[in-house]
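Participant: Attaching a single structure in structure tokens format; questions to follow.
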């Protein structure tokens, strides 16, 4: 913190700033109109992801508006001396996937990006959160933003996760308990052996979804798992600097006597594979449950009815057996190699259902290469699936990957808002395993029934 | 605040007296306020045309008659939304669209964090009221769409002028000063640049 303003926000110094094509152009315009430079260009990294096609990336981008926005990011990055990883660049990919992959994400760092899923980086014990374009301009100009201090919440989950229960299910479970606004105003720490035993990728999935319950950020204390992940990556400190960094990382623990404004505890063993039935991520439930009655849901009955009406669902129905038209695996939530391993493990030896269009979109070129090297692509191809090229894709459907109006998608992404995956699209959020079960059966299916078949 | 401000970034805000547009739906996310496919501009122009695009227009671009922005009975510079307004994506375009359409104030019983901050940064005043007062406001507008609401930033009050019922609202003194004067944060941060550079030079890592 650079300065505390009496009766106002704190001035917070930003160690790492990630930018993409959608939320940065107006910030650069602001710099130009004020005639100011980027203060520390080596602290900002640019990648194109939101608006990029996921096929034929070697060809010019067909949509002129998208092409223009991508060009703006490239020319702004070049003009101000910012590292730019555009389409075709080996390091191009989803901002919250490539940041950690290249070691830009480090424990204890302050990290911001004009994207609400910047909370992802909290998995490393970083203070990471999404900002608006005015703030992007502030960071470019002064490497600082002005933020009020958030309240602190700790969510403890202990116990052994059941078969077929993934980090995505843990996150969707938490959000279903807190609602889509239950953590607004808070930074959340996730604690307990469920998170301690999670891989870095799983932790990223959990922290990524913090914003879906309103929390600006979520974090997990760095441990050996974190350090093993960070060590030796391109932008990770080396040599003596690494020793110094390591000593610092080891201090990043919550004090034993720390007091939180709110503390919640859940039993990990009670969590099921989850699925959403409504139009915000808080409207989720265990896949074996029935859609709740309005009387049992927080909030107004009219809003609830509007939501179920949009989805074409009714109170008291089971989700299992509902038809599925599209399956999307990818995004900053579930576009990493472990997600594709999970998906592949379940579709192996089966075949994609004829009624399903499946979009498998890796989060980066590293993930894409791993899918090929590990032989997953062969299994997927055998099962009737194709792999696309990295990008945000159908998570927000800014490119051509749009789910048509009225169609149902089981999606590993992060938002089931009305029209999120295309105007009129209907999204059910779930894990890569639930997505796989839907992809091979053509309907909402409890993945545990298929795992049992395999066993 | 004693720093020198260079730029008046947006209109000054002091007292706003206006009719209001009611949108009593909870959890209105920024994807509804401005869908992602309309985020492709590289300049901050024209976003108001696509405010609530998919609630406001049919797929063939004809207006949806039952949506409040298409109902000539309701108008004004104040938008009154349901609880948890502005959740989801950090897109500042949502606040731009609200401003560009002509709103200068959004009232709700609860705001999402990033959206609230974005509004404050561009000159739209987010006014958080109690759930009870939000209900009173909705009832007053539906009973008489011509009813006027006064938002007084200096006094931090929101008043239903017909009955005089009022509530106070919170805003930190720094942001209040910015809104009253049309200032933004960049000039402030620029003014403390030596302090920032010294901080950067002494970072532990």
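Participant: Can you tell me the 0 to 90 degree angle between the C-alpha axis of helix A:133-142 and the longest principal axis of chain A, rounded to 10?
Facilitator: 30
Participant: Report, in degrees rounded to the nearest 10, the 0 to 90 angle that the Cα long axis of helix A:25-34 makes with the longest principal axis of chain A.
Facilitator: Rounded to the nearest ten degrees, it is 20.
Participant: Counting only C-alpha contacts under 8 Å and six or more residues apart, can you give the relative contact order of chain B as a whole percent?
Facilitator: 28
Participant: Would you mind giving the average projected area, over all directions, of the Cα convex hull of chain A in nm² with one decimal?
Facilitator: 22.1
Participant: Separation between the residue A:158 and residue B:43 pseudo-spin-labels, each 7 Å from Cα along Cα→Cβ, expressed in nm?
Facilitator: Going by the 7 Å Cα→Cβ label model, 6.0 nm.
Participant: On a 0 to 90° scale, report how tilted helix A:301-311 is relative to the longest principal axis of chain A, with both axes built from alpha carbons and the result rounded to the nearest 10.
Facilitator: 80
Participant: Which of A:279, B:157 has the fewest other C-beta atoms within 10 Å, and how do the rest follow up to the most?
Facilitator: B:157, A:279
Participant: Something else: Can you grab the distance from the C-alpha centre of region A:385-404 to the C-alpha centre of region A:342-378, Å, no decimals?
Facilitator: What the calculation gives is 14 Å, centre to centre.
Participant: If you take each beta carbon of peptide B:40-48 and count the beta carbons of other chains within 10 angstrom, what is the mean?
Facilitator: Partner Cβ neighbours, averaged per residue: 5.
Participant: Post the alpha-carbon centroid distance, region A:231-305 to region B:22-99, in whole angstrom.
Facilitator: 29
Participant: Count, for each residue of A:17-28, the Cβ atoms from other chains sitting within 10 Å of its Cβ, then give me the mean as a whole number.
Facilitator: 3
Participant: Sort A:233, A:216, A:448 so that the residue with the fewest other Cβ atoms within 10 Å of its own Cβ comes first and the one with the most comes last.
Facilitator: A:233, A:448, A:216
Participant: Given an 8 Å cut-off on Cα distances and at least 6 residues of separation, report the relative contact order of chain A as a percent.
Facilitator: Over chain A, the number comes to 17 percent.
Participant: By how many nm would the segment from residue A:199 to residue A:294 lengthen if fully extended, with 0.36 nm per residue of separation less the alpha-carbon distance?
Facilitator: 30.5 nm
Participant: Also, quick follow-up: When the Kirkwood hydrodynamic radius is evaluated over all pairs of different C-alpha atoms of region A:1-79, what value in angstrom, to one decimal, is obtained?
Facilitator: With all distinct Cα pairs of region A:1-79 included, I get 14.7 Å.
Participant: Quote the relative contact order of region A:111-219 in percent (integer), defining contacts as alpha-carbon pairs under 8 Å separated by 6+ residues.
Facilitator: Here the relative contact order equals 39 percent.
Participant: FRET efficiency for residue B:203 and residue A:62, Cβ-Cβ distance as r, R0 = 30 Å, nearest 0.05?
Facilitator: Calculated value: 0.10.
Participant: Taking the beta-carbon count within 10 Å as an exposure proxy, list A:112, A:367 from fewest neighbours to most.
Facilitator: A:367, A:112
Values quoted throughout were computed directly from the atomic coordinates according to the rules given, and no laboratory measurement underlies them. These figures come from a predicted structure and were not determined experimentally. Don't worry about glycine lacking a Cβ; one is built from the backbone with ideal geometry, like all the others, and counts go over all protein chains shown.
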